[in-house]
């Protein structure tokens with residue numbers, strides 16, 4: 001059996017900190033996903049429709065971000081950019097920038113796959129009824145693509161929310177940071193990590209449920 | 001020489017788990033079995049015989065210390081145990097045997113400092129030990145050889161502030177960094193009540209945050225701060241304010257006034273007498289500070 005005496009009093013006393021941390025983590029994830037979606041859309045368009053000179057840098061960006069651990073990207077933006085004289089981002093903005101770039105790379109791939117799987121006939125039909133190129137994108141390709149990629153986007157949101165735990169490394173007071181702070185102050189290690197885990201678990205599950213409802217409402221294939 | 005000493009040290013340390021004489025015997029047997037020199041533990045003194053005499057007869061001093069805390073006791077690039085605590089130990093050996101190498105280091109964690117004295121594993125503990133009234137009921141402290149405190153380190157060039165008054169005046173617009181620990185917030189609040197605090201996981205992250213100007217000052221032990229400053233001359237400056245004082249002293253097993261008094265005499269003369277030059281050289285090496293020569297004439301410590 002576990003030889004450990006639990007004392008949850010510490011957790012109750014820090015409940016406001018946990019709540020604030022959870023809110024902060026969610027905000028970081030949602031904002032980054034929003035920016036990442038814009039980056040991803042532009043990136044996917046560039047890779048699918050752009051010339052080689054546009055597609056190639058995007059490919060480089062995606063492969064670089066996907067193949068470097070997120071923690072190192074966080075360190076690079078937070079510790080590295082000031083070395084190049086870029087000071088105007090504070091710690092939270094630095095993290096949002098990192099996570100957005102990270103999300104952007106993944107979303108580029110998601111949307112690229114989505115664009116590729118829009119049936120060719122839809123495009124031909126749109127041409128046949130006389131739609132202009134931007135109308136074909138706006139009314140045919142993008143709506144279909146969004147429906148196809150919705151499950152992958154939800155996955156990314158959940159995964160981004162969990163990635164916000166890395167913000168603790170640069171002293172941003174999200175869930176992991178708060179848990180670590182309680183560990184340092186009270187040595188109630190089990191209680192702090194169990195609480196953080198439970199909060200991550202429940203939050204991710206709730207996000208997944210909500211997104212499943214959205215998917216059920218909008219998904220193209222039933 | 002050093003390696004052999006450390007092998008022996010670890011055996012002695014292992015012996016600690018076995019408690020007292022039994023443990024020492026097991027340790028000695030293991031040492032002999034491995035073909036190494038058996039560790040000669042600092043056995044309990046015979047009645048009426050001071051440890052000073054026992055050490056003289058044994059031919060070397062046994063010191064309990066650590067190996068992981070620069071600039072106090074740590075391994076340098078070549079793996080040799082060095083630091084301020086090590087220098088103090090070598091000074092004792094030199095004073096006993098006229099040979100600073102006649103010292104055996106028993107490496108232990110901070111929690112081993114009192115038990116190793118009580119169980120006679122070591123003659124003396126020289127391991128950045130803070131003097132407290134509670135500890136003084138279990139061991140006897142020598143006179144202190146350093147006063148530790150908290151300080152603030154800033155970038156020498158390119159930082160926003162240059163001295164403590166400016167930090168204080170900055171109020172809530174100031175961010176200071178430190179390693180996440182129980183006292184960090186309390187420490188900072190005492191000196192800079194309004195400053196924002198960024199708590200990092202490790203000292204290197206705080207240092208990098210300071211380098212990247214993410215924080216304006218690094219809150220750390222004065223000695224750690226001095227060591228960093230001595231490592232990279234000209235890069236960092238001290239804000240010039242120290243607080244939360246606590247004294248570092250060596251400790252011995254209680255009840256041996258002759259031994260305690262001898263150590264005190266050596267320490268005192270190192271700080272203001274015949275061994276001042278060697279003490280000052282160590283101080284300069286580990287903390288980067290030039291100590292003022294003790295005033296000749298009336299012994300000012302009695303003033």
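The values are calculated or read from the model by the stated rules, or taken from the named source; none is laboratory data. A quick note: this is a predicted structure, and the numbers were derived from the prediction, not measured. Every residue, glycine as well, gets a Cβ built from its backbone with ideal geometry; the counts of neighbours run over all protein chains shown.
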Quick count over the range A:175-186, residues being surrounded by fewer than 21 Cβ atoms within 10 Å (Cβ to Cβ) and either farther than 26 Å from residue A:95 by Cβ or more than 14 Å from every other protein chain (Cβ to nearest Cβ) (or both), is 1
Within the range A:73-84, does at least one residue satisfy the condition of being away from chain B (no Cβ under 14 Å), touching a helix residue (DSSP H, G or I) at 6+ places or on another chain (Cβ under 8 Å) and at pLDDT 95 or above?
yes
More than 14 Å from chain B (Cβ to nearest Cβ) and either part of a helix (DSSP H, G or I) or under 26 Å from the mean Cα position of the chain (by Cα) (or both): is that true of residue A:142 in this structure?
yes
The number of residues in the range A:1-41 that are surrounded by fewer than 16 Cβ atoms within 10 Å (Cβ to Cβ) and not in a helix (DSSP H, G or I) is 8
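This table checks each residue for (1) modelled with pLDDT of 95 or more; (2) within 17 Å of residue A:150 (Cβ to Cβ).
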{"position": "A:179", "(1), (2)": "no, no"}
{"position": "A:183", "(1), (2)": "no, no"}
{"position": "A:189", "(1), (2)": "no, no"}
{"position": "A:201", "(1), (2)": "yes, no"}
{"position": "A:214", "(1), (2)": "no, yes"}
{"position": "A:222", "(1), (2)": "no, yes"}
Of the residues that make up the range B:114-121, is at least one without any contact (Cβ under 8 Å) to a residue 60 or more places away in the chain, touching a helix residue (DSSP H, G or I) at 6+ places or on another chain (Cβ under 9 Å) and assigned to a loop (DSSP other than H, G, I, E, B)?
no
Please specify each residue of the range B:192-221 satisfying the condition of being touching a helix residue (DSSP H, G or I) at 6+ places or on another chain (Cβ under 8 Å) and farther than 21 Å from residue A:78 by Cα.
B:192, B:194, B:220
From the list B:184, B:155, pick out the single residue that is in contact with a strand residue (DSSP E or B) (Cβ under 6 Å, 6 or more places away or on another chain) and within 14 Å of chain A (Cβ to nearest Cβ).
B:184
Of (1) outside any helix (DSSP H, G or I); (2) within 14 Å of another protein chain (Cβ to nearest Cβ); (3) at pLDDT below 90, residue A:172 fails just (3)
Looking at the range A:187-198, is at least one residue within 14 Å of chain B (Cβ to nearest Cβ) and outside any helix (DSSP H, G or I)?
yes
If I ask for residues that are more than 10 Å from every other protein chain (Cβ to nearest Cβ) and either more than 11 Å from residue B:177 (Cβ to Cβ) or exposed (fewer than 15 other Cβ atoms within 10 Å of the Cβ) (or both), which ones from the range B:189-202 would you list?
B:189, B:190, B:191, B:192, B:193, B:194
Test: residue B:220 is crowded, with 21+ Cβ neighbours inside 10 Å, in contact with a strand residue (DSSP E or B) (Cβ under 6 Å, 6 or more places away or on another chain) and either without any contact (Cβ under 8 Å) to a residue 24 or more places away in the chain or away from chain A (no Cβ under 13 Å) (or both):
no
Go through B:260, B:210 for me and flag whichever is part of a helix (DSSP H, G or I) and modelled with pLDDT of 95 or more.
B:260
Modelled with pLDDT under 95, in contact with a helix residue (DSSP H, G or I) (Cβ under 9 Å, 6 or more places away or on another chain) and buried (at least 17 other Cβ atoms within 10 Å of the Cβ): does that describe residue B:67?
yes
Those residues of the range B:45-86 that are out of contact with any strand residue (DSSP E or B) (no Cβ under 8 Å at 6 or more places or on another chain) and on the phi < 0 side of the Ramachandran plot come to a total of 16
Those residues of the range B:223-232 which are within 16 Å of residue B:283 (Cβ to Cβ) and either assigned to a loop (DSSP other than H, G, I, E, B) or out of contact with any helix residue (DSSP H, G or I) (no Cβ under 8 Å at 6 or more places or on another chain) (or both), in sequence order:
B:225, B:229, B:231
Is there a residue being surrounded by fewer than 17 Cβ atoms within 10 Å (Cβ to Cβ), under 17 Å from the mean Cα position of the chain (by Cα) and more than 30 Å from residue B:202 (Cα to Cα) anywhere in the range B:89-107?
no
Can you give me the number of residues within the range A:36-72 that are without any contact (Cβ under 8 Å) to a residue 40 or more places away in the chain and within 14 Å of another protein chain (Cβ to nearest Cβ)?
1
Count of residues meeting criterion [surrounded by fewer than 23 Cβ atoms within 10 Å (Cβ to Cβ) and within 14 Å of chain B (Cβ to nearest Cβ)] in the range A:150-167:
2
Say whether the condition of being free of Cβ contacts under 8 Å to residues at least 40 places away in the same chain, in a helix (DSSP H, G or I) and closer than 22 Å to residue A:37 by Cα is met by at least one residue in the range A:114-131.
no
Find the residue count for the range A:85-108, including only residues that are free of Cβ contacts under 8 Å to residues at least 60 places away in the same chain and in contact with a helix residue (DSSP H, G or I) (Cβ under 7 Å, 6 or more places away or on another chain).
3
May I ask you to list the residues in the range B:160-180 that are farther than 17 Å from residue A:171 by Cα and in contact with a helix residue (DSSP H, G or I) (Cβ under 9 Å, 6 or more places away or on another chain)?
B:160, B:161, B:164, B:167, B:168
